[in-house]
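The values are calculated or read from the model by the stated rules, or taken from the named source; none is laboratory data. Keep in mind that what you see is a predicted model, and the values were worked out from it rather than measured. Here Cβ is always computed from backbone atoms with ideal geometry, including for glycine, and neighbour counts include all displayed protein chains. With ligands, DNA and RNA removed, areas are computed over all heavy atoms of the protein, side chains included. Shrake-Rupley method; radii C 1.70, N 1.55, O 1.52, S 1.80 Å.
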Amino acid sequence: MESDATSMYRTPDRPFFSVIVAAYNSGERIIPTIRSALAQTYRQFEVLVIGDGCSDATGEILADNFGKAVVWENLPQNYGCQSYPNNRGIGLARGTHVAYLGHDDIWSPHHLEKLATIIQVADPDFAVSGAIYHTPPGSKYYQFTGIFDDPSTAEREFFPPSS
C-alpha cells in the first residue's frame with residue numbers, strides 16, 4: 001500500500017528511492033548485497049551500482065545475475081573512496097530519495113518500507129536505521145548502532161551509510 005506522502009514524490013517513470021551501491025572489485029561478493037536490495041517489500045526503487053574504476057568482473061557478474069534490474073556504470077579510474085561513485089550515482093538517480101547500500105552490506109527486506117514510512121510521517125531531510133555489524137568468527141567485534149532511547153544519541157553515534 002502506498003501512502004499519499006510517498007506517492008506525491010513519485011511518478012510512473014520516477015521511483016521513490018534510488019539505491020546507490022559504490023563498488024570496488026566486489027566480484028561475486030556483491031551478489032548477496034544486490035539480492036537484499038531487490039528483495040525489498042517496498043517496490044518503488046531503482047538500483048544503481050557504480051564501480052570505482054573496477055578492474056574485475058563485477059559488471060559482468062551483475063549483468064549475468066540481475067540483468068536489467070540493476071544499472072551498472074564503472075568510473076574510468078579508481079578514486080579510492082565512496083564519494084566519487086556515490087556522487088555519480090546521485091547524478092544518475094531518477095528517484096526523489098537516495099538510499100546508500102555498501103557493496104558488502106545486506107538490508108532487511110523491510111528496510112526501504114520502514115524508511116518510506118518515516119518519510120511519510122515526518123518528511124525528514126535525513127533518516128537512518130539501526131545496523132548490526134557482523135564480523136568474521138573470532139574477531140570478537142560486534143556492534144549495534146541506531147538503537148537508542150535518547151534522541152540526542154544520534155548526534156554522537158556513527159551510522160554506516162547503509163543504515
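Output the residue which, of all residues in region 107-118 that are modelled with pLDDT of 95 or more and open to solvent by less than 50 Å² (accessible area, probe 1.4 Å), is farthest from residue 45 (Cα to Cα). Filtering region 107-118 for residues that are modelled with pLDDT of 95 or more and open to solvent by less than 50 Å² (accessible area, probe 1.4 Å), the one farthest from residue 45 (Cα to Cα) comes out as 116.
Pairing each residue of region 78-91 that is outside any helix (DSSP H, G or I) with any residue that is acidic (Asp, Glu) and crowded, with 20+ Cβ neighbours inside 10 Å, provided the two are 6+ apart or on different chains, yields C-beta distances under 8 Å for 78/52; 79/52; 80/52; 81/52; 82/52. Suppose the filter is aromatic (Phe, Trp, Tyr), modelled with pLDDT of 95 or more and touching a strand residue (DSSP E or B) at 6+ places or on another chain (Cβ under 6 Å); does residue 24 pass it? When the stated conditions are applied, residue 24 does not pass them. Across region 81-106, the qualifying residues are those that are touching a Phe, Trp or Tyr at 6+ places or on another chain (Cβ under 8 Å) and open to solvent by less than 60 Å² (accessible area, probe 1.4 Å), and the one among them that is farthest from residue 25 (Cα to Cα) is 96. Within region 19-43, the set of residues being closer than 20 Å to residue 79 by Cβ and in a strand (DSSP E or B) comprises 20, 21, 22, 23.
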